[in-house]
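Worksheet for the structure shown next.
The values are calculated or read from the model by the stated rules, or taken from the named source; none is laboratory data. Every value quoted in this text rests on a predicted model; they were computed, and no experiment measured them. Please note: Cβ atoms are built from the backbone with ideal geometry, for glycine as well, and neighbour counts cover all protein chains shown. Note: accessible area is taken over every heavy atom of the protein model, side chains too, but ligands, DNA and RNA are not part of it. Shrake-Rupley method; radii C 1.70, N 1.55, O 1.52, S 1.80 Å.
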Amino acid sequence: MVILHYIPSLGKKAGQTSQLVQKLHAALGKTVESHLFTGEISRKEFVAKLNGIHPDILHIHGCWDIHLALAQYLAAKHGCPVIISPHAALSPDTLETDFWTARLPRIILYQFLAVRKAFVLHAATQQETADLKDLGWKKRIAFIPLDGLKATDTQAAANVAEQFRILYKKVIDTRSRNTIGDKERDILFSLIRQAATPAFSDQVEEHSSQVEEHTLSALSEHTWKSIQIYAIDHRADQLLFEGLRRVNYTVPVRVRHLPSRYTIKQTLQTKKQIPLDIDTQDTGERDIITAITQLHHILCLKETEEGWQSPIQLLAKLYTALRYTDYDEDNIRRHLQKKHLTAFAARIMHILAALFSLTVGFMPVNPIDDKKTHQLLQNLNNISYNITQNIP
């Protein structure tokens, strides 16, 4: 875990905040990799710092200096989540001081967005927690008292540092719950493709060799945990383990308890009934049209029905139907055109090509790769089922 602290000044102007930040940095340095950056920054300088240490978290101390807003903006472009400790700088008294001449212009220019876009705000007192809630700029607030940093007791400082370490881990776990690297994604979907291949198919050995190319045994426990957590969050864990069973591989570590994370806002509206209007009796055609229609409702309309499969499950089902069942392509195209889903289906075909290696010869419509296709992939990642239970 790599943490980068940023405070514009460690001089007398920063007051007690300067001492607290330095003590926190020193205490954290005993358990995590902690860096402290101070002074006015330039875009080039700060980007070089981010690229040099690759922080998991940028912890900003303060909120009114424009360099803090610049640091947050650059961290966001770098993909680094931000925690802001205002250190009471958003209290009513502070806001009221020179409100019209100093505070309001900064709020309009950058301060409001900086607070809103922070992953979490840190409050050091119960009163500050109440003040931040009353302000209403950010709902996610973490309360960690800093009293231990003011004392000379090193154990007290260590306790504060541990609370921050837990907070950082929670942010990292939440931030990364819907994202995995290209390598992990390729492994996961190779195994899901293996699971989606009918047992009677002569393609099992072909897919098995493709999976083996990833040298599963060389993957670290951390990588396997990331793959499993992603699969669990997207209700694809059964497909993952079926694929592993078929290649006769046992993961070195099983995820039994999901990491502590902030609740992700539910992105889907569950409806009692969503009419699909499928007017063909052919099983293969019904499976294809049903999967595409349900994917459209989930990924575009953000609505689902109780009992529907997750997007990854639907993609696996669609892959199986397209790859291993007989159907009338002209009839499929007529159904898609009637439902105004031709362009959407074409984008789904591109996703199947990217994730499942489905070739054009098995597609009823030619794939489309454009901005909307990439947005569908992003929506696929962002779908949250708020799974909190332990895994059997």
State, as an integer percentage, the relative contact order of the chain based on alpha-carbon contacts under 8 Å between residues 6 or more apart.
12
With axes computed from alpha carbons, what is the tilt in degrees of helix 43-53 against the longest principal axis of the chain, rounded to the nearest 10 within 0 to 90?
70
Work out the FRET efficiency for residue 162 and residue 88 from their Cβ-Cβ distance, taking R0 = 25 Å, and round it to the nearest 0.05.
0.65
So which GluC sites (Glu not before Pro) in region 267-333 end up in coil per DSSP with only 10 or fewer other C-beta atoms within 10 Å?
306
Could you calculate the FRET efficiency of residue 329 with residue 249 from 1/(1 + (r/R0)^6), where r is the beta carbon distance between them and R0 is 35 Å, rounded to 0.05?
0.45
Cα-projected label distance for residue 127 with residue 215, points at 7 Å along beta-carbon direction, nm:
6.0
Fully extended contour minus Cα-Cα distance, from residue 368 to residue 238, at 0.36 nm per residue:
43.8 nm
With 20 Å as the limit, write out which pairs from 77/225; 139/170; 44/77; 23/150; 49/169; 117/371 have Cα-Cα distances beyond it, or answer none.
77/225; 49/169; 117/371
Using a simple spin-label model with points 7 Å from Cα along the Cα→Cβ vector, what separation in nm is obtained for residue 270 and residue 152?
5.8
Taking the Cα centre of the chain as origin and charging only Cβ (+1 Lys, Arg; -1 Asp, Glu), how large is the dipole, in debye to the nearest 20?
1180
Please list 251-261, 342-352, 218-228 highest first by mean number of surrounding beta-carbon atoms within 10 Å per residue.
342-352, 218-228, 251-261
Expressed as a percent, the accessible surface of the chain that is carbon or sulfur, using a 1.4 Å probe and the full set of protein chains, is 50
Could you give the accessible area per residue of the chain, probe 1.4 Å, as a whole number in Å²?
50
